[in-house]
Amino acid sequence: MLDLKNYINILDNIFIIKRIVNPQDKTIIDFDSDLPTASSHACFDFWERGNSCPNCISMRALNENASFSKVENIDDRLYMVIAAPIKLNNDKYVVELLRDITDETSASLYVDKTSQDLQNEIYKLNQLAIKDPLTNTFNRRYLNEQLPCNLKKFNDCKFSLAIIMVDLDKFKDINDSLGHLCGDYILKEVSFILKSYIKNYNGWTCRYGGDEFIIYVENISKEQSYIIAENLREGINNYKFVYNNTPVHTTCSFGVCFLNEKNIDFNDVINNADMKLLEAKKTRNTVI
């Protein structure tokens, strides 16, 4: 640990912040302890947003065992953020390095922009990393980075979450009979229905695979999670899809995984929802 501290101190003239974080629970690690311990504040407090970054490159560095960078801003200042994985006492953490680049040549594109302009530009850049370009839902990378962190919230006995896996029934038939552009239209319309409905519950939607989506929503009851899935199933079943003046009927199957207990990991959650979806696919247009 001492050698690591000395090495990081070499970077004093380059980076204004040098820290080791646990991106899964968003805590900053105390260098002075023999064993890493969490400090009293979260890594995202620096950005004064009150919650974690949607484009969390530290979680990405941990998941993909590679270094990543991004640009963020606060108080009209621009910062380059670099995240790199590191092992300490056989546990995986991430080194975060922050550099103020406001006055550097690399920031020339942002000259004369207002604070709101900066926020909008950086928001767009960060969204590119976590959004599916066709459906404008979150992508699988976002799921891989956010769900493991959210599972840590089960330390709060009042916390619960539901994962709903959605699959379009006989989607291949639509592509084969009406073409892939029609298939893209259906995907975009279905994703719009999912997003529009789930935002009422402060949830989010991601595109998990070709014609599969995952819905995430917190702090609802098990009964509510099934009501949400059933309402979406019925809404899609009754929706009037029209492509190039041709009516197209499609349905979806839903697998619901409701959780309100500790000690469950990412893979268990996804497998649970996937198994439920496989059961629903046996009859199609069904919620299991």
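The numbers here are math on the coordinates, done by the rules we state, and not lab data. Note that the coordinates shown come from a computational prediction; the quantities given were computed from them, not determined experimentally. Reconstructed Cβ throughout: ideal geometry from the backbone, glycine too, with neighbour counts over all protein chains shown.
Go through 248-256, 61-69, 144-152 and give me the packing order, highest mean Cβ count within 10 Å leading. Can you show the working numbers first?
Working: 248-256: 21.1, 61-69: 16.2, 144-152: 18.4.
Final packing ranking: 248-256, 144-152, 61-69.
Read phi for every residue in the stretch 140-145 and hand back ³J(HN,Hα) as whole Hz from Karplus 6.51 cos²θ - 1.76 cosθ + 1.60, θ = phi - 60°, with x for Gly and Pro.
Values, residue by residue: 5, 4, 4, 4, 4, 8 Hz.
Mind checking which of His249, Ile227, Ile214 is farthest towards the positive end of the stretch 202-260's charge dipole, using Cβ charges of +1 (Lys, Arg) and -1 (Asp, Glu) about the Cα centre?
Highest projection toward the positive end goes to His249.
Give a residue-ordered list of calculated ³J(HN,Hα) values for the stretch 218-226 (Karplus: 6.51 cos²θ - 1.76 cosθ + 1.60, θ = phi - 60°; whole Hz; x for Gly, Pro).
9, 6, 10, 7, 4, 4, 4, 4, 6
What are the ³J(HN,Hα) couplings of the stretch 268-283, residue after residue, when phi is run through the Karplus curve with 6.51, -1.76, 1.60 and θ = phi - 60°? Round to Hz, x for glycine and proline.
4, 4, 5, 5, 4, 5, 5, 5, 5, 5, 4, 5, 5, 5, 5, 10
In debye to the nearest 20, how big a dipole does the chain give about its Cα centre with +1 on each Lys and Arg Cβ and -1 on each Asp and Glu Cβ?
740 debye
Add +1 for every Lys or Arg and -1 for every Asp or Glu among the other residues with Cβ under 9 Å from the Cβ of Asn139, and state the total.
+3
Mind listing which trypsin sites (Lys or Arg not before Pro) in the stretch 250-288 are in a DSSP loop and have 10 or fewer other Cβ atoms within 10 Å?
Lys282
At 7 Å along Cα-to-Cβ for each site, give me the label-to-label distance between Asn200 and Asn139 in nm.
Inter-label distance under the simple model: 3.1 nm.
Please list the non-local residues whose amide H lies under 5 Å from the amide H of Leu88, H modeled 1.01 Å from N, same-chain partners needing a gap of 5 or more.
Here Tyr93 satisfy the definition.
Once you've got the Cα coordinates, tell me which of Lys222/Lys282; Lys195/Lys240; Lys26/Lys70; Lys172/Lys199; Lys188/Lys240; Lys131/Lys199 are over 21 Å apart. Numbers along the way, then the final one.
Details: Lys222/Lys282 23 Å; Lys195/Lys240 17 Å; Lys26/Lys70 17 Å; Lys172/Lys199 28 Å; Lys188/Lys240 14 Å; Lys131/Lys199 16 Å.
Distance filter (> 21 Å) returns Lys222/Lys282; Lys172/Lys199.
Hey, what does the equivalent ellipsoid look like for the stretch 140-281, semi-axes from the Cα gyration tensor as sqrt of 5 times each eigenvalue, largest first, whole Å?
Numbers: eigenvalues 169, 42, 32 Å².
Rounded to whole Å, the semi-axes are 29, 15, 13.
Can you pull the three principal axis extents for the Cα set of the chain, in Å, largest first?
Principal-axis extents of the Cα atoms in the chain, largest first: 64, 47, 30 Å.
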